[in-house]
Each structure stands twice: as structure tokens, then as C-alpha cells.
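Working notes, beginning with the structure itself.
The values are calculated or read from the model by the stated rules, or taken from the named source; none is laboratory data. Note that this is a predicted model, so its numbers are computed, not measured. Ideal geometry is used to build each Cβ from the backbone, glycine not excepted, and the neighbour counts take in all protein chains shown. Heads up: the accessible areas ignore ligands, DNA and RNA and are worked out on the full protein's heavy atoms, side chains in. Shrake-Rupley method; radii C 1.70, N 1.55, O 1.52, S 1.80 Å.
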Amino acid sequence: MITYEEEQLRQQAQRDYQTFIGNKRAIVSKISILLFDKKHTPMESLQMRLEAIAGIQLEEKVPNQTLQLVSDHLAALSTVGTEKEQQAYLELEKRMLDQRRY
């Protein structure tokens, strides 16, 4: 069972990830995303991202093909990808976050 604090971190990480994935110009706090990744397995981190993307897709009125492609990739990676491949994806995202201004 997760604690209240762990759930709060998950929700904050999802909100920040939604901002990161949905708006290239928005200022994103990468701390919650990186902290979540540090405390969880690559599989759990990918699942958090899938939930965040699903939240965006539910809010949008028009289907977003780019988000659907990212979602499909994450779903495949989390189901058939090796832990090394999952970690490589998360490292790529970390580099993308690091390239943004905060």
C-alpha cells in the first residue's frame, strides 16, 4: 500500500509530466519527475507517464496523434521492452528535461 506522501509525489510528477509532454514552451519542474523515477522502477515510471498521457487525452477535444504515438511507444516498451531499454528511454527523457530552461 502506498502512503499519502507517495501518492502526492505521483500526482505531482504526473502534472509536471503532462506539462512537459503537452506544452513545449511551458516551464516544467523536473524535480518531481526525476524524484519519482529515482524512487521507482523503470516500469513504474513508464506507467506513471502512460497515466499522465491518458489524462491529457481525456481532457482534449481533438485526438492528438503525437500523444497517441508516444503512448503506444511507452505501452510497448513497458510490456515487451527490456529493463535496459526502459532505462535508456528514461535517460533520454532526462536529457530532454535537462535541455529545457527552468
In whole percent, the fraction of accessible protein surface over the range 4-100 that belongs to carbon or sulfur atoms, probe radius 1.4 Å, stands at 55 percent
Computed, not fitted: 222 nm per-residue ellipticity of the chain from DSSP H runs ≥ 4 (each -39500 (n - 2.57)), nearest 500, equal to -26000 deg cm²/dmol
Percentage relative contact order, the chain, counting C-alpha pairs under 8 Å, at least six apart:
28 percent
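Note down the magnitude of the dipole of the range 4-100 about its Cα centre, charges +1 on Lys and Arg C-beta and -1 on Asp and Glu C-beta and zero elsewhere, to the nearest 20 debye.
Numbers: 13 positive and 15 negative charges, 85 e Å.
Roughly 400 debye, rounded to the nearest 20.
Rounded, prolate or oblate: which one fits the range 46-102, using the alpha carbon gyration tensor with axes a ≥ b ≥ c (rounded when a/c is under 1.5, else prolate when a/b beats b/c, else oblate)? It would help to have the intermediate numbers written out before the result.
Values: a/c = 2.38, a/b = 1.23, b/c = 1.94.
It is oblate, given that a/c is not under 1.5 and a/b is not larger than b/c.
Tell me the net charge near residue 70. Cut-off is 11 Å between Cβ atoms, residue 70 excluded, with +1 for each Lys or Arg and -1 for each Asp or Glu. Provide the component values of the computation, followed by the final result.
Working: positive: 49; negative: 72, 93.
Charge balance near residue 70 sits at -1.
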Using the heavy atoms of the protein chains alone and a 1.4 angstrom probe, what is the accessible area of the chain per residue in square angstrom?
69 Å²
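Figure the gain on full extension for residue 15 and residue 3 (residue separation times 0.36 nm, minus the Cα-Cα span) and round it to one decimal in nm.
Values: separation 12, 0.36 × 12 = 4.32 nm, distance 1.86 nm.
Answer, rounded to one decimal: 2.5 nm.
How much net charge surrounds residue 2 when only other residues with a Cβ under 15 Å from its Cβ are counted (Lys, Arg +1; Asp, Glu -1)?
On the way: positive: 10, 39; negative: 5, 6, 7, 44, 51.
My count for the surroundings of residue 2 gives -3.
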Peptides 53-62, 30-39: what's the order by average Cβ count within 10 Å, highest mean first?
30-39, 53-62
Just to make sure I understand: if all protein chains stay in place, what is the order of 43, 96, 1, 48 by accessible area at 1.4 Å, largest first?
1, 96, 43, 48
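Where does each of 88-94, 13-19 land if you order them by average Cβ count within 10 Å, highest first? It would help to have the intermediate numbers written out before the result.
Details: 88-94: 15.1, 13-19: 20.6.
Top of the packing list down: 13-19, 88-94.
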Once the piece of chain linking residue 43 and residue 72 is laid out straight, how much longer is it, given 0.36 nm per residue of separation minus the C-alpha distance between them?
9.0 nm
Alpha-carbon gyration tensor eigenvalues x 5, square-rooted, for the chain, Å:
19, 17, 15
